[in-house]
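One structure is given below, encoded as structure tokens.
The values are calculated or read from the model by the stated rules, or taken from the named source; none is laboratory data. Keep in mind it's a predicted model, so treat the numbers as computed, not measured. Cβ: placed from backbone, ideal geometry, glycine included. Neighbour counts: every protein chain shown. Calculation scope for accessible area: heavy atoms of the full protein, side chains included, ligands and nucleic acids excluded. Shrake-Rupley method; radii C 1.70, N 1.55, O 1.52, S 1.80 Å.
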Amino acid sequence: MQTALAISGYKRLPLYTPSLAVYSSRLISRELANESAALMKPSLSFSKPAYSAAFDYDAALTACASGDSRALKALYDVEAPRMLGVAMRLLKRQSLAEDAVHDAFVNIWSKAASFNTDLGGGRGWMYAILRNRALNMLRGEDRIDFTDDLESFGLTSEDENPEDAMSRMSDASALRRCLQTLDEPKRNAIVLAYMHGLSHGELAGKLGVPLGTMKSWIRRGLLALKECLG
Amino acid sequence: MMSPAPEDRDALAMEYAVGLLEAHSARIEEMMEDDPVLFSCVRHWRQHFTELDMTVLPFSPSAGLWRRVEESVMQFRPEAAPIRHRTSNTNSLWQNLPLWRWTALAAGAASLLLVFGLTAQILQTPSPAIMVAVLQQDDGKPGAIVEALADGSVRLIPLQQINVPRGRALQVWTKRNDVEGPISVGLLDQARTLRLDLGQLPTPGSGQLFEITLEPETGSPTGRPTGPILMKGLTADTL
């Protein structure tokens, strides 16, 4: 019986338990989410992000904490393509970005028990883990990987510019509304820093201003955002 | 570390959430553990900025990525391990990518260590001494050895403990002939093995005088020995 389970691939995962119905029932259609994710190749543009609003991230993370790897697979199916996109923005190369996503899911699994469901925000928590990992790869010990590929460090694809990203933000987004109150250089600097993991120095180089100016733009821009977002 | 002021916390949290704190991020993460206010600030700003992540164009992961995740995740599932061992032990071990990665890393590191170790050993194989001087103290006891090695280096090896008064130092001299007089080749604060700096001097010849005198801390002010001679000896060829 156990041998049969092991050799038939996926079956070595625990069976889908009834407790998972909590988040699976709120998932309007995972098949649909998968389908749309598969369709959204980078070359295709789309007007609004496909929020998986119906997916209960917090419940899935709780299930992960109790050792149910089907919950991790569900999170992966819903979120991996977008997480890979975020990692690609930071790391540029798909192989590195996939390493970051891999490490992020391993961390999500191993840290799921420390996720505080009272606070909620499971999806934000997952992206924080991913971004931490990718930024560490970008700046840390793995940096040597970039030396043969410095060209790809710049803004190479048109769909990655800050204005396009802004235009894809939800109309209801408070961040979008507040970013739009900033003057363009400050807005671009902050959005570029976030999307591409650029440092003050790299931003100064990219936008052709002195480092001091860039630091001041960022500081004042963030202050204005704070005032606006409250 | 002290907690930052409330208004600074927000600024810190925002810069951290944007990813602009670079080298300080590990410190911020430590601070967050002890500072619930900072933690919730960071959380607050992350939630806002995550809206920018949601604008990304999704990328289809490679077909094998989930399998990689799944295999790594198995490491964290102690309850799953016995089943795997009982069923297809060899196979799952063979396909355990993290295990083999670490094994490969460890093997690589071990080879590097071996290379360094062997290189160090080869480099440390002492060059044979071609010239030796035994420096004798007033009481006739050997106080130190000076040896000139085949590779051109010259070193002093003390044989006796020497009490060096505060503010004084031991200065090593060599004298090739009376015309040139004694030349300083080293200064040391206590009796220890020292590589002597012969500068432009040629490798010591036979019968060359070496001596150690007690001098001011910064060495003899005149460039010639001024203090008492503690030990001296002449070089002799080795067999």
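Leaving ligands and nucleic acids out of the surface, order A:Arg187, B:Arg27, B:Arg155 by accessible area at 1.4 Å, largest first.
On the way: A:Arg187 30, B:Arg27 120, B:Arg155 90 Å².
The ordering from most to least exposed comes out as B:Arg27, B:Arg155, A:Arg187.
Debye-formula intensities of chain B, expressed as log10 I(q)/I(0) at q = 0.07, 0.14 Å⁻¹, are -0.64, -0.97 (one equal scatterer per alpha-carbon, no solvent). Summing charges over all other residues whose Cβ lies under 13 Å from the Cβ of B:Ser220, with Lys and Arg as +1 and Asp and Glu as -1, gives -1.
Hey, can you list the DSSP H helices of chain B whose Cα span along the axis is 27 Å or longer and whose average Kyte-Doolittle score is at least -0.5?
On the way: long enough: B:97-124 (40 Å, 1.24).
Helices passing the filter in chain B: B:97-124.
Residues of the range A:89-112 whose accessible area, computed with a 1.4 Å probe over protein heavy atoms, drops by at least 50 Å² once all protein chains are present relative to their chain alone are A:Arg89, A:Glu98, A:His102, A:Val106, A:Trp109.
Roughly how crowded by other chains is peptide B:12-19, in terms of the mean Cβ count from those chains within 10 Å of each of its Cβ atoms?
6
Legend: distances between Cα atoms for A:Lys92/A:Lys206; A:Lys186/A:Lys226; A:Lys92/A:Lys226; B:Lys141/B:Lys175; pairs beyond 23 Å are A:Lys92/A:Lys226. Normalising the average separation of contacting C-alpha pairs (under 8 angstrom, six or more residues apart) by the number of residues puts the relative contact order of chain B at 14 percent. With springs only between Cα atoms under 10 Å apart, run a GNM on chain B and tell me which of B:Asp197, B:Asp139, B:Asp35 wobbles the most. In the Gaussian network model the winner is B:Asp35. Just the protein heavy atoms count here, and of the accessible area of the range B:2-71 at 1.4 Å, carbon and sulfur take up 57 percent. For the range B:108-182, what does the relative contact order come out to in percent, with C-alpha contacts under 8 Å and a separation of six or more? After rounding, I find 17 percent. Comparing B:Phe210, B:Phe39, B:Phe116 in a Gaussian network model of chain B, where Cα atoms under 10 Å apart are tied by springs, the biggest mean-square fluctuation is seen for B:Phe39. Taking a Cβ cut-off of under 9 Å around A:Arg131, the surrounding Lys, Arg, Asp and Glu residues balance to a net charge of +1, with basic ones at +1 and acidic ones at -1. Only helices enter the 222 nm calculation for chain B: every DSSP H run of n ≥ 4 contributes -39,500 (n - 2.57), and dividing by all residues gives -12500 deg cm²/dmol, rounded to 500. Of the residues B:Leu52, B:Leu118, B:Leu65, the one that moves most in a GNM of chain B with alpha-carbon contacts below 10 Å is B:Leu52.
Quote the total accessible area buried by chains B and A together, excluding ligands, DNA and RNA, probe 1.4 Å, nearest 100 Å².
5800 Å²
Taking each residue of B:42-49 in turn, how many C-beta atoms of other protein chains fall within 10 Å of its C-beta, and what is the average? Spell out each step's value before the answer.
Values: counts 1, 6, 4, 5, 6, 9, 8, 10.
For peptide B:42-49, the averaged partner shielding equals 6.
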